[in-house]
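The structure appears below as structure tokens.
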Amino acid sequence: MVGNYDFLTNSGHDNSPGIQELESPEGELHLRFYVPSENEFALPAIGVREVLSTPPDRITAIPNASHLLLGTLNWRGQVIWVADLGQFLGDAVALNTDRPEIPVIVIEDQDTMIGLAVERIVDMDWLDIEQVQMPTNVADSMVPFLRGEWSIDHSQNRYLRLLNQVAILRSARWGA
């Protein structure tokens, strides 16, 4: 394989210098994911520390903690809280923890970190921040944590909502 640059060319074994150019990404990099209610959200990649899948038994339930919190997780020697993001945002549907692994998005701002348990991770996408619109038809409980939304399919009322991870981390709801 060393010295074989065929994987860089358009046409394989011919001698043309047709190196494929990578498309320049436009916008900002975001992590896309779903909560149990099937609402799709995005977080700016810059605020995401790590994405992991953890078995539910690695999350230790803490008695008398907020109903929004699933418990704590030992993440790289540091104990962090793990929350049901859908419940935090006001969804009626709780996260199903009866499965082999739970996707957790670790977000941070300054020295504060929390794990956000979600239904499933979609992928990372470059999204044009200039196209973000004011959120429409969202619950009042969600509004303080949104930066805006992109319309995916207006006729079917499908939106990709952009979350503000700093507002989530600094929320007074964690003490509730």
For THR72, only one of the following conditions fails: (1) surrounded by 14 or more Cβ atoms within 10 Å (Cβ to Cβ); (2) more than 14 Å from GLY115 (Cα to Cα); (3) of a type in the set (S, T, N, Q). What is its number? (2)
Being modelled with pLDDT under 90 and surrounded by fewer than 19 Cβ atoms within 10 Å (Cβ to Cβ) is true for just one of THR9, THR54. Which residue is that? THR9
If you check ILE102 against the conditions, is it modelled with pLDDT of 90 or more and either surrounded by 12 or more Cβ atoms within 10 Å (Cβ to Cβ) or under 23 Å from ILE46 (Cα atoms) (or both)? yes
What's the number of the condition GLY115 fails, among (1) surrounded by 17 or more Cβ atoms within 10 Å (Cβ to Cβ); (2) touching a residue at least 24 places away in the same chain (Cβ under 8 Å); (3) under 15 Å from HIS30 (Cα atoms)? (3)
From the list THR97, THR112, THR72, pick out the single residue that is touching a strand residue (DSSP E or B) at 6+ places or on another chain (Cβ under 6 Å) and of a type in the set (S, T, N, Q). THR72
Among (1) in a strand (DSSP E or B); (2) out of contact with any helix residue (DSSP H, G or I) (no Cβ under 7 Å at 6 or more places or on another chain), the one test that LEU116 misses: (2)
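To keep it simple, each residue is scored yes or no on (1) surrounded by 15 or more Cβ atoms within 10 Å (Cβ to Cβ); (2) of a type outside the set (Val, Ile, Thr); (3) under 13 Å from the mean Cα position of the chain (by Cα); (4) farther than 20 Å from VAL48 by Cα.
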site: VAL106; (1), (2), (3), (4): yes, no, yes, no
site: GLU119; (1), (2), (3), (4): yes, yes, yes, no
site: ASP123; (1), (2), (3), (4): no, yes, yes, no
site: LEU127; (1), (2), (3), (4): yes, yes, no, no
site: VAL132; (1), (2), (3), (4): yes, no, no, no
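Go through the range 120-145 and give me each residue that's β-branched (Val, Ile, Thr) and under 28 Å from ALA172 (Cβ atoms).
Scanning the range 120-145 gives ILE121, ILE129, VAL132, THR136, VAL138, VAL143.
For every residue, the table says whether it meets (1) modelled with pLDDT under 95; (2) in contact with a Cys (Cβ under 9 Å, 6 or more places away or on another chain); (3) farther than 23 Å from ALA167 by Cβ; (4) crowded, with 18+ Cβ neighbours inside 10 Å.
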site: GLU50; (1), (2), (3), (4): yes, no, no, no
site: ILE62; (1), (2), (3), (4): yes, no, yes, no
site: GLY77; (1), (2), (3), (4): yes, no, yes, no
site: ASP84; (1), (2), (3), (4): no, no, no, yes
site: GLY90; (1), (2), (3), (4): yes, no, no, no
site: ASN96; (1), (2), (3), (4): yes, no, yes, no
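Conditions (1) in a loop (DSSP other than H, G, I, E, B); (2) touching an Asp or Glu at 6+ places or on another chain (Cβ under 8 Å); (3) touching a residue at least 40 places away in the same chain (Cβ under 8 Å); (4) under 23 Å from GLU28 (Cβ atoms), marked per residue:
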| position | (1), (2), (3), (4) |
| --- | --- |
| ARG99 | yes, no, yes, no |
| ASP123 | no, no, yes, yes |
| GLY148 | no, no, no, yes |
| LEU162 | no, yes, yes, yes |
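The values are calculated or read from the model by the stated rules, or taken from the named source; none is laboratory data. Please read these numbers as outputs of a predicted model, since none were measured by experiment. Using ideal geometry, Cβ is built from the backbone for each residue, glycine included, and neighbour counts are taken over all protein chains shown.
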